[in-house]
Amino acid sequence: MPVSKRLRYEILRRDNHTCRYCGAAAPAVPLRTDHVVPVALGGTDTADNLVTSCEPCNSGKSSSTVGADLVADVAEDALRWAAAMQRAADNLLELEKPKAEYRQAFVDQWNAWSRGEGANRQTFPLPAGWKASLERFRTAGLPSWVWEEIVDTSMGYDSVKAENKFKYCCGIAWKQVHALQAEARSYLEPAAVNITQARDTGDVDTLAVETALLLWGQEWASVLPGPTPEQEAEFRTTAREALASGRTAAELVQAAEQGAWFSTADARQALQHLDDQHAFTRQYVAHSVFKHAWYFSHGEAPPIEVLDTLWANCTQLYEAGAHPVLVVLAAAAAGLSDTTDLYVGLSTEQREVTGSHPRLLYAEEAWAHTWKKTSPDFAWPTAEDRTALRAQLERFPRARRLQHP
């Protein structure tokens, strides 16, 4: 039999993609799998008789035999490789055991019920995807022993059709999961007591920390086991450190859920995730709206340098405290008007942040739209054309006054 592609791949990987005869390695030379003892002389297609060989060495060997040292070396490598593969397979099996045991506990109970009489007696059908459903319940923390009662309850209702039995079981199971989550949340009641005490004493920092802890713990318990007392203590400590470093109570409370989603008990990391989310959201929305408006007006996407300039202007406004919605609206108007200047809908103070002069820009916008309508190729004026227009406008005193509404 010819050597299979799978075995050839394993031999190449075992030998680190290096010729065992001369030491040449890929990609400098093409590699083949070669029989240490040629097939013509009785060699087999097993791993202990296969070796990686470069094309020159392979084509020059023909049916000659090689030294016993290389044969022994290859055989030893093959044994080590086989042992390593077996260990990897054993590890994979260990990881699969909990899934298989959980699944078997359900199947045993499911198959304990059947319908029909005599030779026609058969178990109830299971739908496609039932294994994936069970795995979701396992990872949600539903213990395997509850399936006995769940299955018995479902099978006991004759009004539930056979094809709906499993779906009915899943409905009961999710109720059990929610009940377990509710009990887990009850363990967080001490945090609620601390909130009340902090409110009564007027301790603002403690109130913020305990409120954030309660939200973080509830969200954590809905997706993960715990949290443990050690994790709660870490959240409290790092939350106070965050407040001491200048983060606000509102930010800490907003970041609580982020901490649970990213499986961290460090409130400082949760705040960083919150910052990253806000930055991404602002940039994504502003970029997206501007790009769509530009494409609608130009028939093509804006160049990267235009987007970079747009985002620099957006950043200035965000740092000055401008609301994201106002920035997005200004970005949309800019994209439609072939400019990166943000001014539509912004206050005088916000316009001054980016150095824009709205009346001058409105005049330029009207001129640009007229240019486009009258242009033979229906194109916007170039950057050089705009620069020339602005230079002309600067020559007139009235135009200079337009800069200061």
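Nothing in this text is a laboratory measurement; each read-out follows from the coordinates by a stated rule. What you see is a predicted model; the values in this text were computed from it and never measured. Glycine gets a Cβ as well: all are built from the backbone with ideal geometry, and neighbour counts include every protein chain shown.
The rule of thumb for compact globular proteins, 2.2 N^0.38 Å, goes into the C-alpha radius of gyration of segment 250-339 1.30 times. The relative contact order of segment 284-343 comes to 47 percent, based on Cα pairs under 8 Å that sit 6 or more residues apart.
Can you tell me the FRET efficiency between ALA179 and ASP276 if r is taken as the Cβ-Cβ distance and R0 is 45 Å, rounded to the nearest 0.05?
With a Förster radius of 45 Å, E is 0.80.
Residues of segment 216-234 with an amide N closer than 20 Å to a point placed 7 Å from the Cα of THR248 along the Cα-to-Cβ direction: 216. Computed from backbone phi, the HN-Hα couplings of segment 225-241 come to x, x, x, 7, x, 5, 5, 5, 5, 5, 5, 4, 5, 6, 5, 5, 5 Hz, rounded to whole numbers (Karplus: 6.51 cos²θ - 1.76 cosθ + 1.60, θ = phi - 60°; Gly and Pro given as x).
The alpha-carbon atoms of segment 128-182, seen along their principal axes, cover 30, 24, 16 angstrom, with the largest extent given first. Given R0 = 25 Å, the distance between the Cβ atoms of ALA388 and ALA366 translates into a calculated FRET efficiency of 0.95. Here the label points at VAL39 and TRP113, each 7 Å from Cα along the C-beta direction, are separated by 5.7 nm in the simple model.
Please tell me which of these pairs span more than 24 angstrom C-alpha to C-alpha: LYS5/LYS99; LYS97/LYS175; LYS99/LYS165; LYS99/LYS161? Beyond 24 Å between Cα atoms: LYS5/LYS99; LYS97/LYS175; LYS99/LYS161.
Scanning residues 5 or more positions from ARG32 or on other chains, those with amide H under 5 Å from its amide H are SER53, CYS54, GLU55, with H placed 1.01 Å from N in the peptide plane.
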